[in-house]
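Colleague: What follows is a structure written as structure tokens; I'll ask about it next.
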Amino acid sequence: MKYKIAIIPGDGIGPEVINEAHKVLNRIQKKYGHTFEYTDLLAGGAAIDTTGKCLPKETVEGAKGSDAVLLGAVGGPKWDYLPGDERPERALLGLRKELALFANLRPAIMFHQLRDACPLKEEKVKGGLDILVVRELTGGIYFGEKGYKQTDMGEAAFDVEQYSTGEIIRVAKVAFDMAMKRDKKVTSVDKANVLESSRLWRKTVAQVAQEYPQVELNNMYIDNTTMQLVYNPKQFDVILTSNIFGDILSDEASMITGSIGMLPSASLSTGNFGMYEPVHGSAPDIAGTGKANPMATILSAAMMLKYTFGLSEESQAIETSVKKVLSMGYRTPDIAVAGDKVATTTKIGDLIAENI
């Protein structure tokens with residue numbers, strides 16, 4: 001089979017980790033007889049430097065012409081002088097909107113080989129952690145009306161949180177569908193005691209839940225959820241929430257597993273199309289040093305094989321290889337402890353490819 005993959009390396013460590021994912025995908029296509037057709041595209045700071053825009057029209061068209069997008073990371077202090085709507089990070093919002101990527105899947109899995117990196121006590125995570133955050137991605141306060149106005153207290157800025165029932169229904173169905181393949185538990189996170197948008201969210205999610213009688217639905221306020229993730233993380237299976245709350249919770253969930261450098265993500269549209277990227281940022285301070293952890297990007301490629309291409313066996317082969325390399329004691333500096341074999345970005349990619 002032939003699959004078209006749009007590659008967006010981005011900025012900072014983005015090109016480095018993308019290179020290792022590319023290496024692993026080449027190993028997959030050779031072993032399993034597939035053909036991956038790659039198209040390199042510009043976005044973020046690299047696009048600004050080349051074209052003057054963080055998201056060129058050619059990038060959007062190239063992404064739409066592909067079967068999936070694999071992205072590294074964008075942003076960095078080099079472009080901090082630019083206004084908000086021209087900064088590299090704005091490319092991510094643009095891609096999500098242009099590609100209609102409304103559901104963000106962020107698995108927070110604690111690999112048993114990395115238990116020592118988890119900041120929580122043993123009794124809190126005994127038996128491991130496997131939480132999936134499903135975040136609405138194209139609505140809410142990030143995409144709502146925004147602006148400035150004059151008040152009695154001086155200049156004021158505003159950002160509007162808004163959700164329609166249709167936006168809530170489609171992402172809720174993704175969460176419940178995922179829960180059906182897992183432990184059949186959904187925790188819907190909102191702030192319904194204060195926000196009208198959250199009251200509509202809670203009411204609409206409850207209506208969707210009626211279509212999934214096998215799934216247990218719990219509602220939780222955002223402030224309590226942030227506490228419960230640290231106090232009792234094993235109570236969670238699938239967490240469903242809005243754009244801004246999901247942004248916060250997915251980062252918190254990732255850190256309790258030990259390292260943000262290990263965690264992938266998928267942003268899905270209707271059908272099988274998706275954009276896949278590591279949760280971590282561009283980390284410009286370590287770019288070019290060989291210290292970047294490529295495993296989150298490699299695992300993002302594994303998610304791409306599973307969710308967009310339907311290649312579950314190939315996806316599992318990558319995940320198994322990552323675990324094997326960890327079991328062999330190899331680590332990048334962000335997850336290394338005394339006694340580990342500290343390896344470069346390139347070495348880790350080589351090892352994972354070789355062990356598929």
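FYI, it's all coordinate maths here, none of it is from the lab. The model shown is predicted, which means the values in this text are computed figures rather than measured ones. Neighbour counts run over all protein chains shown; Cβ positions are idealised from the backbone, glycine included.
Colleague: What number comes out for the charge environment of H34, summing +1 per Lys or Arg and -1 per Asp or Glu over other residues with Cβ under 13 Å away?
Modeller: Neighbour charge sum, excluding H34 itself: +1.
Colleague: Net charge near M303, counting Lys/Arg +1 and Asp/Glu -1 over other residues with Cβ under 12 Å of its Cβ?
Modeller: -1
Colleague: Still on this structure, please answer the following. So for the range 232-282, averaging the separation of alpha carbon pairs under 8 Å that are six or more residues apart and normalising by length, what relative contact order in percent results?
Modeller: Relative contact order comes out at 25 percent.
Colleague: Starting from the Cα coordinates of the range 119-256, work out the convex hull volume and express it per residue in Å³.
Modeller: Enclosed volume per residue, from the Cα hull, is 121 Å³.
Colleague: Run the reach check for K124 against aspartates and glutamates, Cα to Cα strictly under 16 Å, same-chain hits fewer than 8 apart removed. What comes back?
Modeller: D116, D237, E252
Colleague: Which value in nm describes the separation of the simple spin-label points at M180 and T270, placed 7 Å from the Cα toward the beta carbon?
Modeller: So the label points at M180 and T270 sit 1.8 nm apart.
Colleague: Given the options A175, A47, A73, which has the most mean-square fluctuation in a GNM of the chain, springs set between C-alpha atoms less than 10 angstrom apart?
Modeller: Most flexible of the set in this elastic network: A47.
Colleague: Can you give the alpha-carbon Rg of the chain over 2.2 N^0.38 Å, where N counts its residues?
Modeller: 0.98
Colleague: Using Cα pairs closer than 8 Å and at least 6 residues apart in sequence, work out the relative contact order for the range 119-256, in percent.
Modeller: Taking the mean separation of contacting Cα pairs over the length of the range 119-256, I get 37 percent.
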